[in-house]
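S.K.: Below you will find the structure I want to go over with you.
The values are calculated or read from the model by the stated rules, or taken from the named source; none is laboratory data. Values in this document were obtained by computation on a predicted structure and should not be read as measured data. Counting neighbours? That spans all protein chains shown, and the Cβs are built from the backbone with ideal geometry, glycine included. Heads up: the accessible areas ignore ligands, DNA and RNA and are worked out on the full protein's heavy atoms, side chains in. Shrake-Rupley method; radii C 1.70, N 1.55, O 1.52, S 1.80 Å.
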Amino acid sequence: MGLAKKIENPFFKEVGEISRFTARFFREATKPKQEWDEFINQCYWIGFKALTLVGITAFIMGLVLTIQSRPTLVEFGAESLLPSMVSVSLVREISPVITALICAGKIGSGIGAELGSMRVTEQIDAMEVSGTNPFKYLVVTRVLAATVMVPVLSSLAIAIGLYGGFLGVNMKGDVSWTLYWHQAYNALIYGDFLPSIIKTIFFGFAIGIVGCYKGYYSQKGTEGVGKSATTAVIVASLMVFILDLIAVQVADILGLT
Amino acid sequence: MDKKPIIQVSNLNKSFGENHVLKDFSLSLYEAENLVILGKSGSGKSVLIKCIIRLIHPDSGEIMVLDHDISELEQDEMDHLRAEVGFLFQSNALYDSMTVRQNLLFPLRKHWTKEERQDHAESAIQEALEDVGLAHTIDMMPVELSGGMRKRIALARTLILKPKVILYDEPTTGLDPITAREISELMNSIQKKYKTAAIIISHDLNCIRMTGNRIIMLIDGKNYAEGTYENLLQNEDPKVKDFFEGL
Ligand SMILES: Nc1ncnc2c1ncn2[C@@H]1O[C@H](COP(=O)(O)OP(=O)(O)O)[C@@H](O)[C@H]1O
Ligand SMILES: [Mg+2]
């Protein structure tokens with residue numbers, strides 16, 4: 001009785017359902033005949049939807065991070081480390097997480113609402129009836145597109161954030177363009193980039209899976225669609241933080257910190 | 001009638017949890033026939049026709065479509081069979097991110113080769129749109145269309161594969177009486193032109209009288225009564241009488 005009740009717990013039920021959905025994703029994704037056109041469409045759509053917001057946020061983050069860190073570094077007489085510090089923070093943590101959160105908000109909810117409304121207006125059934133596997137056409141393409149595009153967006157966010165950092169450095173101090181980039185680059189090692197990229201691949205995958213899962217099994221009715229979109233954002237954001245926590249532990253164990 | 005049925009449903013059962021929707025339901029559909037299914041809202045009419053196209057898997061019972069037992073078909077074989085069975089969804093189910101042309105093109109993805117699509121798709125789309133009288137909407141988006149127009153486009157999308165049978169889920173529900181009448185007339189002209197058989201789910205008396213050759217009453221999950229419209233009006237069974245008085 002006690003155990004049965006625990007299994008009935010909606011949280012565990014949800015974890016189970018999402019795991020099953022993920023397993024189905026791998027099953028369907030490895031079947032032959034990929035929907036490349038739709039995949040490319042989705043990549044464009046994700047880039048188009050998130051790029052402006054990611055860019056603006058990354059620039060501001062780079063700028064603010066620099067301004068806020070300066071007093072502490074000055075106190076230790078390490079002002080010259082400012083460019084290095086900014087670039088390491090941007091690459092390791094700020095860009096991946098900010099990009100993922102923005103994508104959870106825009107892409108996760110967008111996919112949740114889109115597939116949710118396709119579900120309640122029977123468009124998913126119509127695809128199935130017309131001989132196109134809707135899981136493959138809708139879910140596999142969107143999950144793959146998110147998995148590819150979140151790392152791309154995060155890399156862009158790093159570059160744009162560094163421009164923000166350059167502005168921040170020069171607001172009070174005076175660091176030449178070449179010196180700034182030289183310092184920012186030199187601070188970075190392979191061990192900073194690799195975990196950052198791998199982390200964002202997982203973030204993108206999680207955002208795609210959660211958005212698709214919520215939309216694909218949307219409840220009937222228009223409020224069902226709204227609910228799919230909202231819960232997709234909440235669950236995807238939570239997943240991003242949990243994965244971030246796991247990533248930092250793994251990187252630590254592998255000696256990449 | 002000694003003709004062979006093109007769809008035969010025998011002893012179909014389907015429950016959702018405690019909700020026993022279909023209980024030993026049976027029907028036969030013959031060539032060039034329009035069979036109407038009448039039943040209260042929530043009685044399982046949509047579930048029934050979704051079982052026929054294998055969108056829903058029944059708990060037990062047998063469904064024969066064009067001499068195939070659909071429970072035994074592989075996915076790919078089922079997809080080919082589905083090309084012969086058009087389905088008009090109650091909500092039309094038009095892909096709202098696509099134009100009318102792309103909507104009509106979609107079913108061809110599976111069933112036509114790339115060359116066939118390049119050479120013949122455009123004329124097939126034109127013909128299907130002309131059948132429903134909406135050739136000028138080819139580049140429009142579904143949101144730009146009225147309810148009646150959307151129903152027609154949805155019908156054109158099922159016609160493009162030239163099905164032998166069409167399953168209509170409440171084709172006139174939610175339309176104004178004049179548009180509803182036009183849709184019923186359209187259903188008749190489609191049947192004349194392509195010699196299709198149809199299962200029509202409807203509450204609309206006008207539509208039933210105009211299109212139906214035979215009626216099955218779905219009550220309590222069963223094939224409760226069956227006959228022509230006139231037959232059923234004479235039926236003394238209280239549940240049947242209740243139903244017609246309620247319409
Ligand atoms: N996917 C489903 N899950 C659970 N219950 C369902 C599902 N589809 C239909 N039902 C239930 O089956 C019954 C019949 O539904 P339906 O066939 O849509 O009715 P209608 O005759 O109005 O078309 C309803 O009680 C409905 O709640
Ligand atoms: Mg229905």
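S.K.: Restricted to the stretch B:34-44, and to residues that are under 13 Å from B:ILE208 (Cα atoms) and not polar (S, T, N, Q), which residue is nearest to ligand 1 (Cβ to nearest atom)?
M.R.: So, considering only residues that are under 13 Å from B:ILE208 (Cα atoms) and not polar (S, T, N, Q), the one nearest to ligand 1 (Cβ to nearest atom) is B:GLY39.
S.K.: List the pairs whose first member sits in the stretch B:38-54 and is within 13 Å of another protein chain (Cβ to nearest Cβ) and within 9 Å of ligand 2 (Cβ to nearest atom), whose second member is in a helix (DSSP H, G or I) and modelled with pLDDT under 90, and whose Cβ atoms are under 6 Å apart, counting only residues at least 6 apart or on separate chains?
M.R.: Final answer for the pair search is none.
S.K.: Tell me whether the stretch B:116-123 contains one or more residues that are open to solvent by less than 70 Å² (accessible area, probe 1.4 Å) and of a type outside the set (Gly, Ala, Ser).
M.R.: Checked against the condition, which is being open to solvent by less than 70 Å² (accessible area, probe 1.4 Å) and of a type outside the set (Gly, Ala, Ser), the stretch B:116-123 yields no hits at all.
S.K.: Mind telling me which of the residues B:ALA83, B:ALA93 ends up being small (Gly, Ala, Ser) and under 21 Å from B:GLN191 (Cα atoms)?
M.R.: Residue meeting the stated conditions: B:ALA83.
S.K.: Of (1) buried (at least 19 other Cβ atoms within 10 Å of the Cβ); (2) out of contact with any Asp or Glu (no Cβ under 9 Å at 6 or more places or on another chain); (3) closer than 29 Å to A:SER109 by Cβ, A:PHE203 satisfies all except one. Which?
M.R.: (2)
S.K.: Restricting to the stretch A:219-230, give me the number of residues that are crowded, with 18+ Cβ neighbours inside 10 Å and not small (Gly, Ala, Ser).
M.R.: Of the residues in the stretch A:219-230, 1 are crowded, with 18+ Cβ neighbours inside 10 Å and not small (Gly, Ala, Ser).
S.K.: Being within 12 Å of another protein chain (Cβ to nearest Cβ), open to solvent by 10 Å² or more (accessible area, probe 1.4 Å), closer than 26 Å to B:GLY246 by Cβ and polar (S, T, N, Q) is the requirement here; does B:GLN75 meet it?
M.R.: No, not satisfied.
S.K.: So how many residues does the stretch A:180-229 have that are more than 12 Å from the chain's Cα centre (by Cα), in a helix (DSSP H, G or I) and over 30 Å from A:LEU162 (Cβ atoms)?
M.R.: The qualifying residues number 13.
S.K.: Right, here's the next one. Does A:ALA146 fit the bill of being facing chain B (nearest Cβ under 8 Å) and crowded, with 21+ Cβ neighbours inside 10 Å?
M.R.: No; evaluated as a whole, the condition is false for this residue.
S.K.: Considering only the stretch A:4-97, give the helices (runs of 4 or more DSSP H) lying wholly within it that have at least 3 residues that are within 27 Å of B:GLN102 (Cβ to Cβ) and of a type in the set (A, V, I, L, M, F, W, C).
M.R.: Where helices (runs of 4 or more DSSP H) fall fully within the stretch A:4-97 and carry at least 3 residues being within 27 Å of B:GLN102 (Cβ to Cβ) and of a type in the set (A, V, I, L, M, F, W, C), they are A:36-75.
S.K.: Output the residues belonging to the stretch B:101-115 that are more than 10 Å from chain A (Cβ to nearest Cβ), open to solvent by 10 Å² or more (accessible area, probe 1.4 Å) and assigned to a helix (DSSP H, G or I).
M.R.: Of everything in the stretch B:101-115, those that are more than 10 Å from chain A (Cβ to nearest Cβ), open to solvent by 10 Å² or more (accessible area, probe 1.4 Å) and assigned to a helix (DSSP H, G or I) turn out to be B:ARG101, B:GLN102, B:LEU105, B:LYS114, B:GLU115.
S.K.: Aromatic (Phe, Trp, Tyr), within 14 Å of chain A (Cβ to nearest Cβ), within 16 Å of ligand 2 (Cβ to nearest atom) and surrounded by fewer than 18 Cβ atoms within 10 Å (Cβ to Cβ): is that true of B:PHE16 in this structure?
M.R.: Yes: the conditions hold for B:PHE16.
S.K.: Which condition number does B:MET98 fail, the rest of (1) touching a residue at least 60 places away in the same chain (Cβ under 8 Å); (2) open to solvent by less than 60 Å² (accessible area, probe 1.4 Å) being met?
M.R.: Tallying (1) touching a residue at least 60 places away in the same chain (Cβ under 8 Å); (2) open to solvent by less than 60 Å² (accessible area, probe 1.4 Å), B:MET98 fails exactly one: (1).
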